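All remarks here apply to the structure that follows.
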Amino acid sequence: MKQYILRSALIPFFGKLPVGQITTHHIEQYKAQAQKKGVSKKTVNNRLAVLSKCLNSAYEWFQLPGAPPKIK
């Protein structure tokens, strides 16, 4: 299911951005776009949970400077 979420929802939106350049603003834009398309809040939250795990792992594995963006 996580791979499906990545391929169908997250990569099409965030795919061209380097991981270290994804900001809270980008995440809020994603949320707004998904809700505009009629995606339920629960589904958006599930997708954001996958995104959060990916970002946290990337910052840890690649020792990126700073902290991963906050996801509200």
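The values are calculated or read from the model by the stated rules, or taken from the named source; none is laboratory data. Not measured: the values here are computed from a predicted model. Ideal geometry is used to build each Cβ from the backbone, glycine not excepted, and the neighbour counts take in all protein chains shown. Surface accessibility is based on the protein's heavy atoms, side chains included, excluding ligands, DNA and RNA. Shrake-Rupley method; radii C 1.70, N 1.55, O 1.52, S 1.80 Å.
Here the range 53-72 is the region considered, the condition is being within 10 Å of the chain's Cα centre (by Cα) and closer than 15 Å to L17 by Cα, and the residue that is least open to solvent (accessible area, probe 1.4 Å) is L55. Could you tell me which numbered condition A49 fails, if it satisfies all but one of (1) within 17 Å of L6 (Cβ to Cβ); (2) over 14 Å from the mean Cα position of the chain (by Cα)? Condition not satisfied by A49: (2).
For G38, the criteria (1) more than 10 Å from the chain's Cα centre (by Cα); (2) open to solvent by 70 Å² or more (accessible area, probe 1.4 Å); (3) not hydrophobic (A, V, I, L, M, F, W, C) hold in every case but one, which is (2).
Hey, among the residues in the range 1-32 that are open to solvent by 70 Å² or more (accessible area, probe 1.4 Å) and of a type in the set (S, T, N, Q), which one's farthest from P68 (Cα to Cα)? Ranking the candidates gives Q3 first.
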